[in-house]
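The values are calculated or read from the model by the stated rules, or taken from the named source; none is laboratory data. Just so it is clear, the structure is predicted and the values come from calculations on it, not from any experiment. Counting neighbours? That spans all protein chains shown, and the Cβs are built from the backbone with ideal geometry, glycine included.
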Amino acid sequence: MNHRTTAERVLAGVGGEQNVASLAHCATRLRFKVKDATAVDKSSLEATPGVVAVVEAGGQLQVVIGNEVPRVFAEIGAIATLGDAADGNAPKGSLLARTIDMISGIFLPLLWPMAGAGMLKALLALVVKVGWLSAASNESLVLNAAGDALFYFLPVLLAATAAKRFGANQYVSMAIAGSLLYPAIVQLHDKGEAVHFLGLPMVLISYASSVLPILLAVWVQSQVERFFGRVLHSSVRSFLTPMLTLAVVVPVTLLSIGPLADYAGKGVSSGVTWVFGLSPFVGGALLGGFWQVLVMFGLHWGVVPVMINDLSTQGHSVLSGPLVPAVLAQVGAGAAVFLRTRNRGLKGLAGTGAVSGFLAGVTEPLVYGVTLRLKKPFIYACVAAAVGGGIACSGGSAANTFALASALTLPAYLSVGNFTLQLIGCAVALGLGFALTMVLGFKDIPEEASEAEETPTTAGSGPVEVTAPVAGAVLPLDQVPDPMFSAGLLGDGAAITPSSGEVHAPVEGTLVSAMPHAYGIRTHDGVEVLVHVGIDTVQLHGEHFTQAVQQGAEVEQGQLLGEFDIDAILAAGYDPVTMVVVTAAPDELGPVTPTDSTELRSGEALLTLA
């Protein structure tokens, strides 16, 4: 199967992305809710390579793919801008977890460019530091522009990725971001004069490298576009929607969204300054521990002006004391991820991110692409930064110049306060971030195998035995109340009405798909087995299920895959009958033969391929 081709043809068959109200997937099927059922070309869908069947059930158009459904789903996400509403697998956790996943998803496409730009800045800083290149030279100017441009114009790049996340027009989003960085607007800010728009006072701030204003602006844009999409006639909608959206969102951003973000930053700054006045150690611990959180939302720009003002009035700023420990704590956590992860892409990002963070203080690729994405390393680093920041600030350490916090800028802290405590704080932050991540660990991201690696080997030696994943009464597959399984569209097998809530691996192999209610395993002989707990239990979104293994794991036959609450599933109105289906097998293996037994314990033979 060519996953991209299948995705394109499926999307066309359902009437295009404009006809998709929502899209989710379970272990075997793409589940569409379409706006206009008459726009669906069912025969074209059924003729699409990789599509097993097409069924309309439960108010959904279900396109059966099989074990490859996550890959096809991902390809649809890559070619269509369906937005959050179409992502039926969007995180359903806490508000904080959803916020972190949203931010990580928005930054994900930019990670490698950010890592490359950060590395360029780090190398340039090193070259200038050792005296191989003058900071005032044209060569330094050009290379610095090459490394800085991505971060300066970050709002424009974030506009494009946020638009896809929120279902907005990407080009309108970039135009909104561009207006925030428009030279005439920047000049108005630099002049510092009072500015009004339609009689309303306009508080101008610097939007270069900002994050929060453009994210909020694009979200507002997505709502405005949906409104105009509903009220405007189709004959004028295509050009009036972007025109009116720009006319509304740009002023709203400059009048309210940007200033609100700025006020939030200044509020944080005032609180931090007050705490520093009470206790440098506590202030350093708080600012160090939460610095990357402030960076994540762009609120650190409220602290930066206070630092600059301190530098101009007293020649140093104590608020800069915990910043190097905050950066180095992320570097330490990233270095530990580099050593622990088995994901080659994540390893490369962690390595380059740690280097650029250590040398140049550029932590965005490391934070958004590694530590925040994995969640636990980010928390470990914040804890380490709090400890290191408190130590660094307890001796009154402060920078006497404004520079990105990094190991190379430590000489800026020589003249003010106790430099020894600053070094100790940095070392503790770096070491503790590394140690916590190495010792406590994290949930690794499984690396998808290449097409060549996914090609199954066919040993063809002897029969293959598929054991019962759950204990209970055996039921012929054609008696299952689900047309996909009962008609054998997904393959031959059997079902079990479970008497216990534990799911065990029916074969030894690689977990190619894993959801709370369903597991797909590929054996080393090329046999693919699907275990699906319940009918339409994907609608429970993992409730009443506990998953014990993750996709990509190697599992032994009989190993616990997960648990489920039979009574709770029944009470929710779902049938917990468990299907065990052989979805693929090498040609040299014979037909699938179910057991003659009517009752089985977990681990006893259920199916045989001879």
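Six or more apart or on different chains, Cβ atoms under 6 Å: show the pairs whose first residue is in region 1-24 and at positive phi and whose second is among the aliphatic types (A, V, I, L, M).
From residues that are at positive phi, the pairs are 15/39; 15/40.
With the requirement that a residue be within 17 Å of residue 18 (Cβ to Cβ) and in contact with a helix residue (DSSP H, G or I) (Cβ under 8 Å, 6 or more places away or on another chain), what does region 213-239 give you?
If the condition is that a residue be within 17 Å of residue 18 (Cβ to Cβ) and in contact with a helix residue (DSSP H, G or I) (Cβ under 8 Å, 6 or more places away or on another chain), then 222, 225, 228, 229, 232, 237 are the ones that fit.
Condition (residue is in the same structural domain as residue 227 (by TED's automatic domain parsing), more than 25 Å from residue 326 (Cβ to Cβ), surrounded by 22 or more Cβ atoms within 10 Å (Cβ to Cβ) and at pLDDT 75 or above) applied to region 260-272: is it met by at least one residue?
No: region 260-272 contains no residue that is in the same structural domain as residue 227 (by TED's automatic domain parsing), more than 25 Å from residue 326 (Cβ to Cβ), surrounded by 22 or more Cβ atoms within 10 Å (Cβ to Cβ) and at pLDDT 75 or above.
Regarding region 178-194, can at least one residue be identified that is surrounded by 19 or more Cβ atoms within 10 Å (Cβ to Cβ) and in contact with a Ser or Thr (Cβ under 6 Å, 6 or more places away or on another chain)?
no
Could you list, in sequence order, the residues of region 23-60 that are among the small types (Gly, Ala, Ser) and buried (at least 21 other Cβ atoms within 10 Å of the Cβ)?
Within region 23-60, the first condition is being among the small types (Gly, Ala, Ser), and the residues that meet it are 24, 27, 37, 39, 43-44, 47, 50, 53, 57-59.
Within region 23-60, just 27 meets the criteria.
What number of residues within region 374-409 satisfy the criterion of being outside any loop (DSSP other than H, G, I, E, B), modelled with pLDDT under 85 and closer than 24 Å to residue 117 by Cα?
3
Any idea which of 547, 551 is at pLDDT below 85 and surrounded by fewer than 19 Cβ atoms within 10 Å (Cβ to Cβ)?
On inspection, the qualifying residue turns out to be 551.
Give me the residue from region 233-259 that is without any contact (Cβ under 8 Å) to a residue 12 or more places away in the chain and hydrophobic (A, V, I, L, M, F, W, C) and, out of that set, nearest to residue 197 (Cα to Cα). Write out each step before concluding.
Taking region 233-259 first, the residues without any contact (Cβ under 8 Å) to a residue 12 or more places away in the chain are 233-239, 243, 247, 256.
Subsequent filtering for residues that are hydrophobic (A, V, I, L, M, F, W, C) retains 236, 239, 243, 247.
Details: 236: 28, 239: 25, 243: 18, 247: 12 Å.
That would be 247.
Give 69, 14, 20, 63 a once-over and let me know the one that is out of contact with any helix residue (DSSP H, G or I) (no Cβ under 8 Å at 6 or more places or on another chain) and crowded, with 20+ Cβ neighbours inside 10 Å. Full working, then the answer.
On the way: 14 fails: out of contact with any helix residue (DSSP H, G or I) (no Cβ under 8 Å at 6 or more places or on another chain); 20 fails: out of contact with any helix residue (DSSP H, G or I) (no Cβ under 8 Å at 6 or more places or on another chain); 63 fails: out of contact with any helix residue (DSSP H, G or I) (no Cβ under 8 Å at 6 or more places or on another chain).
After applying the criteria, what remains is 69.
Quick grid of which residues meet (1) more than 30 Å from the chain's Cα centre (by Cα); (2) at pLDDT below 90; (3) not aromatic (Phe, Trp, Tyr):
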position: 113; (1), (2), (3): no, yes, yes
position: 125; (1), (2), (3): yes, yes, yes
position: 128; (1), (2), (3): yes, yes, yes
position: 131; (1), (2), (3): yes, yes, yes
position: 138; (1), (2), (3): yes, no, yes
position: 141; (1), (2), (3): yes, no, yes
position: 144; (1), (2), (3): no, yes, yes
position: 149; (1), (2), (3): no, yes, yes
position: 154; (1), (2), (3): no, yes, yes
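If I go through region 563-575 residue by residue, how many of them are touching a residue at least 60 places away in the same chain (Cβ under 8 Å) and of a type outside the set (D, E, K, R)?
Total meeting the criteria: 2.
Take residue 585 and decide whether it is of a type in the set (A, V, I, L, M) and in contact with an Asp or Glu (Cβ under 9 Å, 6 or more places away or on another chain).
Criteria met by residue 585.
Somewhere in region 537-557, is a residue among the aromatic types (Phe, Trp, Tyr), closer than 29 Å to residue 444 by Cα and free of Cβ contacts under 8 Å to residues at least 60 places away in the same chain?
Looking for residues that are among the aromatic types (Phe, Trp, Tyr), closer than 29 Å to residue 444 by Cα and free of Cβ contacts under 8 Å to residues at least 60 places away in the same chain, one finds at least one in region 537-557, hence yes.
Tell me, yes or no, whether region 443-463 has at least one residue that is at pLDDT 85 or above and closer than 27 Å to residue 339 by Cβ.
Yes; the residues of region 443-463 include at least one that is at pLDDT 85 or above and closer than 27 Å to residue 339 by Cβ.
May I ask you to verify whether residue 596 is free of Cβ contacts under 8 Å to residues at least 12 places away in the same chain and over 27 Å from the mean Cα position of the chain (by Cα)?
So residue 596 passes the test.
Would a scan of region 379-398 turn up a residue that is in the same structural domain as residue 123 (by TED's automatic domain parsing), closer than 22 Å to residue 151 by Cα and polar (S, T, N, Q)?
No, region 379-398 contains no residue that is in the same structural domain as residue 123 (by TED's automatic domain parsing), closer than 22 Å to residue 151 by Cα and polar (S, T, N, Q).
In region 170-181, what residues are closer than 15 Å to residue 247 by Cα and within 21 Å of the chain's Cα centre (by Cα)?
Matches in region 170-181: 173 only.
Quick one: residue 256 ticks every box in (1) in a helix (DSSP H, G or I); (2) surrounded by 15 or more Cβ atoms within 10 Å (Cβ to Cβ); (3) touching a helix residue (DSSP H, G or I) at 6+ places or on another chain (Cβ under 9 Å) except a single one, so which number is it?
The one condition residue 256 does not meet is (3).
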